[in-house]
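To start, the structure under review is shown below, and the notes come after it.
The values are calculated or read from the model by the stated rules, or taken from the named source; none is laboratory data. These figures come from a predicted structure and were not determined experimentally. Counting neighbours? That spans all protein chains shown, and the Cβs are built from the backbone with ideal geometry, glycine included. Accessible surface areas use protein heavy atoms only, side chains included; no ligands, DNA or RNA. Shrake-Rupley method; radii C 1.70, N 1.55, O 1.52, S 1.80 Å.
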Amino acid sequence: MRDVAVIGVGMQKWGELWEKSLRDIFVESALLAIEDAGVDKIDSMIIGCMSSGLFVGQEHIGSLLADYLGAAPVPATRVETACASGGAAFRMGFIEVASGLSDIVLVGGVEKMTDVGGDEATYALGTAADQEYEGFNGITFPGLYAMMARRHMHEHGTTREQLAMVAVKNHENGSKNPLAQFPMKITVEQVLNSVMVADPLRILDCSPITDGAAAAILCSLETARKIKSNRLIRVAGSGQATDTIAFHDRDDLTALKSTAVAANMAYRMAGKKPSDIDLAEVHDCFTIAEICITEALGFAERGRGGKFVESGDTRIGGKIPVNASGGLKSKGHPVGATGIAQIIEVVHQLREEAGERQVKGARVGLTQNMGGSGGSAVVHILEAL
Amino acid sequence: MIAPRIRRGMPQRYRYEAGKCKKCGKVFFPPRLICSACQSREFETIRLNRLGKVLTYTIIRVPPSQFKDEAPYAMGVVELEGGGRITAQIVDCDFDDVNIGMPVKIEFRRIQAEGESGVIGYGYKCVPA
Ligand SMILES: [Zn+2]
């Protein structure tokens, strides 16, 4: 297997982009990534997208996006692992370059979620659960994570305030990110007084509905060295895993097993351990998710994720800053693009170009992207050379 | 939920049919072709025990469109006596009565109607036991 580098990244501000189409937001980000990389061609494209079919009635976006990027006839494939589609696209691109089959691969993610109404968006996202045995009976994604939260509170004494602290921290970080959809700061009181969605989770515990795209260029480290002499970022570790599709089938309802397994794969490949990680971008689709993820990644002890966020260790300047970008919560969550945007934040941090939210001296960063209630997880570790 | 899907799910939703692995005893609802615990392919068809207890719960206040008229409603993960777990609505009680460890039993109820004039989907809900 060859060493692989991330040589370019591109992303524009996310939000309700009603005046732009899916193809336009993707191509804008892809062109920025190509320009950042300084490459004059790509050999292949892998695109993460959860549900262009349900959100904009368009499938076959591999062809669409290669065509509109002016890159046809290169091979272009869409991959889907629900909200982890972007992470999976990155991993497929990594494998393609590492294998030697391609030298330069564009990996991207895109989701256009606001062309449909709220009900339809809820339905489309709901298809990431077991439609016949969860969705049929009336559960929603906030509902599934609410049940995870309720159980975590019951077993480990996690408090309602600790959940709120995740949202407060991520909005604080997002306020320093010019690309964030919701860059406003919020307080614990505001979270606790916001509208209830699925008890005990309130609207400010939930990530938003977002239009957005993100892209990165992967190439062999050998090629990267010919193009750039500094700021090289190596993909040190990659892992992906699955768990039961239905939340109720998990023996332990608060353990994100797919994340733990994917993380162990990535740690082993990279020769790193949790204490080697300088910052992490994780899948805070709901506040409880970040708490469970910090445990599954080995940053916090089992059951102590709530106390971990309360300690301040996950803030910028803390022991292990989590979601310096603002996370899904503040930056937005165009589901297929999220996994690539996490990579982009880590790349900016490792190149020390993250501005006000820079994690000082960051050399090793981790990304964790998750689908459904944890049925899929993808973890990557990037390292500055 | 489209009509063929509702029809296909009848043995599970109407009769609570589950598969019990003949080798390791794990109960699967719905039945499967291969056991995820021991890889055995031999199952005995059983019926879920209708009694169980709530492992965790929530109150859905922002429902999917098919459940608009019913919100808010309680839902939980229920572990049934003798094995098998379900995600189901918990009805016929106040929200304050729903808690972890609450004994419940399965009842046959109307779950949802497809579209404006569509097929009515029946299945299981839980009530206090
Ligand atoms: Zn078995």
Exercise for the section: Could you tell me whether the stretch A:113-133 includes any residue that is in the same structural domain as A:V9 (by TED's automatic domain parsing) and in contact with a Cys (Cβ under 8 Å, 6 or more places away or on another chain)? Expected result: no
Exercise for the section: Would you please name the residue that is surrounded by the fewest Cβ atoms within 10 Å (Cβ to Cβ), looking only at residues in the stretch A:129-168 that are facing chain B (nearest Cβ under 10 Å), part of a helix (DSSP H, G or I) and without any contact (Cβ under 8 Å) to a residue 40 or more places away in the chain? Expected result: A:H154
Fill in the blank from the handout: Within the stretch A:83-105, the residues that are open to solvent by less than 10 Å² (accessible area, probe 1.4 Å) and closer than 19 Å to A:S52 by Cα are A:A84, A:S85, A:G86, A:G87, A:A88, A:A89, A:F90
Problem - Residue list for the stretch B:37-75, filter: free of Cβ contacts under 8 Å to residues at least 24 places away in the same chain, in contact with a strand residue (DSSP E or B) (Cβ under 8 Å, 6 or more places away or on another chain) and within 12 Å of the ligand (Cβ to nearest atom) - result: B:A37, B:C38, B:S40, B:E42
Exercise for the section: Could you look through the stretch B:44-69, keep only residues that are farther than 14 Å from A:F136 by Cα and of a type in the set (D, E, K, R), and pick out the one that is nearest to the other protein chains (Cβ to nearest Cβ)? Expected result: B:R61
Completion exercise
Going through (1) open to solvent by 30 Å² or more (accessible area, probe 1.4 Å); (2) assigned to a helix (DSSP H, G or I) one by one, A:N230 fails only at (2)
Practice task
Within the stretch A:169-187, identify whether any single residue is under 25 Å from A:S258 (Cβ atoms), open to solvent by less than 10 Å² (accessible area, probe 1.4 Å) and modelled with pLDDT of 95 or more, and answer yes or no.
Solution key: yes
Fill in the blank from the handout: By residue number, the members of the stretch A:157-174 that are among the small types (G, A, S) and touching an Asp or Glu at 6+ places or on another chain (Cβ under 9 Å) are A:A164, A:A167
Practice task
Can you tell me which residue within the stretch B:4-36, out of those that are more than 13 Å from the ligand (Cβ to nearest atom), surrounded by fewer than 20 Cβ atoms within 10 Å (Cβ to Cβ) and basic (K, R), is nearest to the other protein chains (Cβ to nearest Cβ)?
Solution key: B:R5
